[in-house]
Amino acid sequence: MDTQQTKITTSDDQAGVIVLPPLTIGPPLVAGLLLHFLLAPLRFFPEWWIGHPVGWSLIVAGVLLIGWSKRTMRRAGVDPNPYEPTTAMVTSGPYALSRNPMYVSATVVYVGIAFVVNTLWPIVLLPLGIALLYYGVIAREESYMEKVFGDEYRAYRARVRRWL
């Protein structure tokens with residue numbers, strides 16, 4: 001697979017994210033599941049409707065997209081850990097479709113879990129997780145990428161959407 005990338009010199013800097021990305025949407029998911037099981041079930045669909053096939057399809061699709069995204073980054077010589085310096089700008093594979101395919105996939109898995117459990121609570125709490133993800137991770141990564149790659153990143157940002 002051809003991976004477009006631009007190499008930069010080794011740097012000790014990093015994006016300055018405040019928390020690992022899973023820790024932004026994980027807590028709202030857990031809180032939603034706890035609300036459902038311990039306090040008040042709030043069904044997404046009628047009880048007779050089985051959301052398992054749709055939910056599991058979303059979970060599998062999300063996990064596959066996470067794997068593809070990580071593999072694309074590693075092939076480009078980039079560590080997916082946001083606490084590590086970014087040594088290249090990856091624009092191929094899933095990064096040609098979304099600037100944040102791993103965050104898209106995590107959200108798809110999150111929704112899939114809500115479907116499998118048939119609970120609306122995690123969906124109600126999802127905007128909190130997305131806000132934490134945006135302000136604590138994405139905005140910081142985008143600022144860092146613009147600082148490191150300049151016009152090349154701005155051109156990429158202009159042609160590829162943040163989510164989908």
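The values are calculated or read from the model by the stated rules, or taken from the named source; none is laboratory data. Only a predicted model underlies this, so the values are computations on that prediction, with no experimental measurement involved. Counting neighbours? That spans all protein chains shown, and the Cβs are built from the backbone with ideal geometry, glycine included.
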Can you tell which of 153, 144 is buried (at least 18 other Cβ atoms within 10 Å of the Cβ), more than 20 Å from residue 56 (Cβ to Cβ) and modelled with pLDDT under 95? 144
Flagged in segment 148-160 as in a helix (DSSP H, G or I) and either free of Cβ contacts under 8 Å to residues at least 12 places away in the same chain or within 13 Å of residue 99 (Cα to Cα) (or both), in numbering order, are 151, 153, 154, 155, 156, 157, 158, 159
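So, residue 105, is that one more than 19 Å from residue 43 (Cα to Cα), polar (S, T, N, Q) and not in a loop (DSSP other than H, G, I, E, B) or not?
Numbers: more than 19 Å from residue 43 (Cα to Cα): yes; polar (S, T, N, Q): yes; not in a loop (DSSP other than H, G, I, E, B): yes.
The answer is yes for residue 105.
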Are there any pairs with C-beta distances below 8 angstrom linking a residue in segment 116-139 that is closer than 20 Å to residue 16 by Cα and free of Cβ contacts under 8 Å to residues at least 40 places away in the same chain to a residue that is surrounded by fewer than 17 Cβ atoms within 10 Å (Cβ to Cβ) and not polar (S, T, N, Q), with the two at least 6 apart or on different chains, and if so which? 138/162
Pick from segment 48-102 the residues that are of a type in the set (Phe, Trp, Tyr) and either in a loop (DSSP other than H, G, I, E, B) or free of Cβ contacts under 8 Å to residues at least 60 places away in the same chain (or both): which of them is nearest to residue 161 (Cα to Cα)? 68
